[in-house]
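The block underneath contains the structure these notes are about, expressed in structure tokens.
The values are calculated or read from the model by the stated rules, or taken from the named source; none is laboratory data. Every value quoted in this text rests on a predicted model; they were computed, and no experiment measured them. With ideal geometry, Cβ positions are generated from the backbone for all residues, glycine too; neighbour counts draw on all protein chains shown. Only protein heavy atoms, including side chains, enter the accessible area calculation; ligands, DNA and RNA are left aside. Shrake-Rupley method; radii C 1.70, N 1.55, O 1.52, S 1.80 Å.
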Amino acid sequence: MFERHVGGERVILVALDFGDPDFTESVAELRLLASGAGLDLLGEVLGKRSRPDAALFVGSGKADEIAALVAATEADVVIFNHELSPAQERNLERRLQCRVIDRTSLILDIFARRANSAEGKLQVELAQLQHLSTRLVRGWTHLERQRGGVGMRGPGEKQLETDRRLIGVRVKALRERLAKLGKQRRTQRRSRARQQVMSVALVGYTNAGKSTLFNALTRAGAYAADQLFATLDTTTRKVYLPQVGEVVLSDTVGFITRLPHDLVAAFRATLEATTEADLLLHVIDSSSPGRERQIEAVDKVLGEIGADAVPQLRVYNKLDLTGVAPGVGRDEYGKLQSVYVSAQTGAGLELLREALSEILLASRVQAECDQAKAGAPDDPSLQPTVFST
């Protein structure tokens, strides 16, 4: 048995190529996640396999290579760019003699560092507890080694049962508090709907420039930085558009490839702002070589939360890094599909405001027509009869 570290900042990254075309981009993303978490990167171990090993994920030979690097660098933590099962984590910790976490745990840790609002902290805690509930056995391996005998039967099982029950109680309390907050948010949205205030939600891959664009449109001063998951808490501001009036603009949390399911579930109440929006601004990093993969990742999450049916306008950001001129893109019917801007320099923002006004005005007119049709019966026989005296 080894002494498990309470925490550690000196890390080694491990990534295996299973034939994914975006392997190089995924490794670069893992480096950004590690640096964003404030970790000291001591080394990397890369490999290639056809499929994961059931016990160690990486295989015996690669595990020995990682163990040698851990011993040479005195690393505290080994981070895998994959999802590990609880058994694989436990086997790797015994083999490497240090703490082992996976990509999901790293993202949860970053979310825990960045959450500022009370609701954001509750959502992160809920996601962490749901993830931890399957890994409790890792913290109580010393109880597994106890042998049978008088007075020695079952303490490990009892402790695990106690931990699971306490986590279950806390998870239930967190869900109830989040449900209450979600109810308050829905009440606010109904109030805006009665006032006929239209809403627009910014979505996109993390570090695509959503917060910078949000600040440029609203002058809100929300925190923005060149790092993954710079902001987690949804920020809402009003912006005035010609011919439309005041519009509510919401900046949501960024998405990422293989976003942990526990996080999606925990942040579902916050992400409801996207499902009930009149329009989604899908912000895309036009300078990223993996932008198509990032677009697919965002669309996948939108589908998971039921926001795939909301009208979407793609905003290709960071033109200052590509040298492309600002402009708009339309389909063969003249319908707006995309806008090309630079939130950093402000180039193309006026085109974006005009595009928002055009789309929202058309949406409002369509909604009024639909409401008029629903209120007036088409059958003449159903019209009220007027008798003259």
Query raised in the report: Within the range 26-46, which residues are assigned to a loop (DSSP other than H, G, I, E, B) and surrounded by 15 or more Cβ atoms within 10 Å (Cβ to Cβ)?
Result: ALA37, LEU39
Query - Residues (assigned to a loop (DSSP other than H, G, I, E, B) and touching a residue at least 24 places away in the same chain (Cβ under 8 Å)) located in the range 86-119 - result: GLN97, CYS98, ALA115, ASN116, SER117
Report task. Scan ALA347, ALA355, ALA374, ALA343 and give me the residue that is modelled with pLDDT under 90 and hydrophobic (A, V, I, L, M, F, W, C). Result -> ALA374
Report task. Could you identify the single residue in ALA112, ALA118, ALA87, ALA127 that is of a type in the set (Gly, Ala, Ser), under 23 Å from GLY168 (Cβ atoms) and open to solvent by less than 10 Å² (accessible area, probe 1.4 Å)? Result -> ALA127
Query raised in the report: Within the range 170-188, is there a residue that is open to solvent by less than 60 Å² (accessible area, probe 1.4 Å), within 23 Å of LEU313 (Cα to Cα), of a type in the set (Gly, Ala, Ser) and modelled with pLDDT under 85?
Result: no
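Please determine whether any residue of the range 59-73 is hydrophobic (A, V, I, L, M, F, W, C), crowded, with 20+ Cβ neighbours inside 10 Å and part of a loop (DSSP other than H, G, I, E, B). Give the steps one after another, and end with the answer.
Applying the first criterion (hydrophobic (A, V, I, L, M, F, W, C)) to the range 59-73 yields 63, 66-72.
Imposing the further condition that a residue be crowded, with 20+ Cβ neighbours inside 10 Å reduces the set to 63, 66, 70.
Restricting the remaining residues to those that are part of a loop (DSSP other than H, G, I, E, B) gives none.
The answer is no; no qualifying residue exists.
Which is among the basic types (Lys, Arg), closer than 22 Å to GLU9 by Cα and open to solvent by 10 Å² or more (accessible area, probe 1.4 Å), of ARG94, ARG49?
Working: ARG49 fails: closer than 22 Å to GLU9 by Cα.
The conditions single out ARG94.
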Query raised in the report: Within the set of pairs 6 or more residues apart or between chains, which connect a residue that is assigned to a strand (DSSP E or B) inside the range 270-284 to a residue that is modelled with pLDDT of 95 or more and open to solvent by 20 Å² or more (accessible area, probe 1.4 Å) with Cβ atoms less than 8 Å apart?
Result: HIS282/ARG314; ILE284/ARG314; ILE284/TYR316
Report summary line: Of the candidates ALA343, ALA347, ALA325, the one satisfying the condition of being open to solvent by 60 Å² or more (accessible area, probe 1.4 Å) and in contact (Cβ under 8 Å) with a residue 12 or more places away in the chain is ALA325
